[in-house]
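The values are calculated or read from the model by the stated rules, or taken from the named source; none is laboratory data. Keep in mind the model is a prediction, meaning the values are calculated, not measured. Because the Cβ atoms are built from the backbone with ideal geometry, glycine has one as well, and the counts that use them run over all protein chains shown. Side chains are part of the model used for accessible areas, which takes the heavy atoms of the whole protein and leaves out ligands, DNA and RNA. Shrake-Rupley method; radii C 1.70, N 1.55, O 1.52, S 1.80 Å.
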Amino acid sequence: MGTLRSMYKKNEPITMITAHDFPSAHVADAAGMDMVLVGDSLAMVALGMEDTSEVLVEEMLLHCRSVARATKAAFTIGDLPMGSYEISPEQALDTAIRFIKEGRVQGIKLEGGKEMAPTIAKITRAGIPVLAHIGLTPQRQNSLGGFRVQGKTADGAMRVLEDALAVQEAGSFATVLEAVPAEVASIITQRLSIPTIGIGAGNGCSGQVLVQVDMTGNFPLADSSPSSSSKVKARSYPAPEHTYPISKDELEVFSQAVGGKREGQ
Ligand code: KIV
């Protein structure tokens, strides 16, 4: 955590990659990744499920344990699966504790913005680091109408910013920002005092998270985007072709509304 904070202060890009088992975690750790995520995307890429809604806590815990055995330097995060944290902050804390004690990870990730703030506060007060996940939240694909880019209008961008500020206020040490236009993600990043870890959100975020099978291109259904830690560190990945557009007019309205400076500056 201290390392991540000091990287953020020095404006050094933070690298994060998913790993689902001992060998993939070993590769990630040996490659010098700053964070390793046992993402619930393992439902599809490791277990062959249709989507992330099917994966169970026990299955995630098994994968977390195997990843944790391999990670020596990287900060390791486990993803709380759908159904294991939304009912109440107490349910979420209970699951988060299992991830630390049984999964042997160092922190947890959960999806959601403003509405998850009390939950994030409850977990962080218990001493468990929380990585938030806002923008496109794949566990809610049914209510979002599929995997849709978020923040494409001034109003939508404002909602993502409000979510970012809420998860920061609740105590998250960082937030994943998924599928948001690059310019919007940049403005949000400048307004926060915690790192943003982008995926499909441009190179103006504080760091990037990559799904390992996407990066290696060895999974047929994956969107293969060859990339590496060094490209993230050099901010040459993601390039403009890996980002989503926003119209000039909508961006102008959003930038005017927020200014683009950090809170309190
Ligand atoms: O499950 C996952 O792999 C994720 C990343 C895409 C952030 O949540």
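Helix screen, the chain: no DSSP H segment has Cα axial length of 30 Å or more and mean Kyte-Doolittle hydropathy at least 1.0. Under 5 Å from the amide H of Leu210 lie the amide H atoms of Met16, Ile17, Thr18, each residue being 5 or more positions distant or on a separate chain, with H modelled from the backbone and absent for Pro and chain starts. Averaged over its residues, the chain has an accessible area of 45 Å² per residue, based on protein heavy atoms and a 1.4 Å probe. Over 21 Å between Cα atoms: which of Lys152/Lys248; Lys9/Lys233; Lys109/Lys152; Lys114/Lys152 fall into that group? Where the Cα-Cα span goes over 21 Å, the pairs concerned are Lys109/Lys152. Please work out whether the chain counts as rounded, prolate or oblate from its C-alpha gyration tensor, where a ≥ b ≥ c are the square roots of the eigenvalues and a/c under 1.5 means rounded, while otherwise a/b larger than b/c means prolate and anything else oblate? The shape class here is rounded.
Using a 1.4 Å probe over the heavy atoms of the protein chains, calculate the carbon and sulfur portion of the accessible area of the stretch 2-257 as a whole percent.
Carbon and sulfur together cover 53 percent of it.
Between amide H atoms placed 1.01 Å from N, distances below 5 Å from Ala174 occur with Ala132, all of them 5 or more places distant or on a separate chain.
Projecting label points 7 angstrom from Cα along Cα→Cβ for Asn142 and Ser255 puts them 4.0 nm apart. Of the trypsin sites (Lys or Arg not before Pro) in the stretch 96-200, the ones in a loop by DSSP (not H, G, I, E or B) with at most 13 other beta carbons within 10 Å are Arg148. Only beta bridges with both residues in the chain are counted; by DSSP, about 5 percent of them are antiparallel. With each label modelled as a point 7 angstrom along the Cα→C-beta vector, the Glu169-Asp94 pair spans 2.9 nm.
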